[in-house]
C-alpha cells in the first residue's frame with residue numbers, strides 16, 4: 001500500500017525505490033537518531049582464490065590481514081557466481097573486520113552485477129540457484145582457468161567447485177537483478193567504467209529500468225575523471241570498489257559510508273541516503 005504515491009517506512013520496499021517507480025517517503029519513517037554516525041571505509045568487491053583468474057594468495061587469512069592493514073572497516077567477498085568461500089573469510093576475520101556476503105553475478109548479456117546479501121546463508125542459497133544453471137567445468141575449462149578451490153578459514157583446501165563459474169548464467173540482466181532483490185539483497189552495477197563486462201560495454205547504455213541500487217566504479221577510474229559526473233547523473237549512489245583478484249589491489253578503490261555501524265542493514269540505509277546515512281566513492 002502506498003501513501004501519496006510513496007512507499008511507507010516499514011514495508012519491504014521502504015529502504016529503497018520501489019520497483020514500480022514509487023519513491024519511499026523518508027518523512028513517513030520514524031525519526032532516527034543521527035548522532036553517533038561515523039565514516040567507515042569499505043571495499044565491497046573482493047575475490048578469493050575460488051574465482052577464476054584469482055590469485056592463489058587470495059586466501060581468507062591473507063585477505064583479512066591485508067584489508068586491516070589498508071584501514072578497511074568492511075569488505076564484501078564477491079566471487080564469480082558463488083558464495084562458496086564467504087564463510088571461511090568471515091571466520092578468519094572474527095571480530096576484527098566486518099565481512100559481508102556477496103557475489104559477482106554474470107547473466108546472458110555478460111554485464112556483471114555485484115550482489116550483496118543480508119547473511120551468508122542467503123548468499124549461498126543464491127549461489128546454489130546459479131550453480132544449477134551453469135555447466136560443469138570440463139578439461140578445456142580447467143586448462144584455461146585452473147581449479148576453483150574451496151577453502152577453510154586458515155586457507156587450507158576443503159574441496160573444489162566443479163561448476164564453470166567464469167561462464168554466464170542463462171539469465172537476462174533484469175532477471176539477475178530480480179534474483180538478488182528477491183533474496184533481500186542489494187544489486188550494484190559492477191565496474192561501470194570498464195570496457196568489458198559492464199552494463200555500458202555490454203549494452204551500450206545504462207538500463208535505468210533494471211532496478212540497480214548503486215553503480216560501482218573500479219580502481220582504474222582516476223579521481224578527476226569526467227566520467228564520475230556522468231555516473232552521478234544517473235541518480236544512484238556511486239561507490240568505489242577494488243574488484244581485487246590480487247592482494248595488492250585490496251583497498252585500491254574504496255567507498256566512504258556514513259553509518260551508525262558497519263552492518264548490512266546500515267549499508268541499505270546508506271545507499272538509500274536515509275536518516276543521515278550516505279555512501280560515496282572515497
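The values are calculated or read from the model by the stated rules, or taken from the named source; none is laboratory data. These numbers were taken from a predicted model, which means no experiment stands behind them. All Cβ positions, even for glycine, are placed from backbone atoms using ideal geometry, and neighbour counts span all protein chains on display.
Scanning the range 249-264 for residues that are closer than 20 Å to residue 122 by Cα and either outside the structural domain of residue 68 (by TED's automatic domain parsing) or under 14 Å from the mean Cα position of the chain (by Cα) (or both) yields 263, 264.
Here residue 183 passes the criteria (1) surrounded by 14 or more Cβ atoms within 10 Å (Cβ to Cβ); (2) over 14 Å from the mean Cα position of the chain (by Cα); (3) closer than 30 Å to residue 237 by Cα except the one numbered (2).
Select from the range 91-103 the residues that are surrounded by fewer than 24 Cβ atoms within 10 Å (Cβ to Cβ), in contact (Cβ under 8 Å) with a residue 40 or more places away in the chain and in contact with a strand residue (DSSP E or B) (Cβ under 6 Å, 6 or more places away or on another chain) and list them in ascending order. Answer for the range 91-103, where residues must be surrounded by fewer than 24 Cβ atoms within 10 Å (Cβ to Cβ), in contact (Cβ under 8 Å) with a residue 40 or more places away in the chain and in contact with a strand residue (DSSP E or B) (Cβ under 6 Å, 6 or more places away or on another chain): just 98. Taking the criterion of being surrounded by fewer than 20 Cβ atoms within 10 Å (Cβ to Cβ) and assigned to a strand (DSSP E or B), the residues of the range 247-282 that qualify are 256, 258, 278, 280. When residue 175 is tested against (1) surrounded by fewer than 16 Cβ atoms within 10 Å (Cβ to Cβ); (2) in a loop (DSSP other than H, G, I, E, B); (3) within 18 Å of the chain's Cα centre (by Cα), exactly one condition is not met: (2). Scanning the range 215-246 for residues that are within 18 Å of the chain's Cα centre (by Cα) and part of a helix (DSSP H, G or I) yields a single hit, 231. The single residue among 212, 205 that is assigned to a loop (DSSP other than H, G, I, E, B), in the same structural domain as residue 117 (by TED's automatic domain parsing), under 18 Å from the mean Cα position of the chain (by Cα) and over 22 Å from residue 67 (Cβ atoms) turns out to be 212. Would you pick out the residues in the range 139-161 that are in contact with a strand residue (DSSP E or B) (Cβ under 8 Å, 6 or more places away or on another chain), crowded, with 16+ Cβ neighbours inside 10 Å and assigned to a loop (DSSP other than H, G, I, E, B)? Within the range 139-161, 148, 152, 161 meet the criteria.
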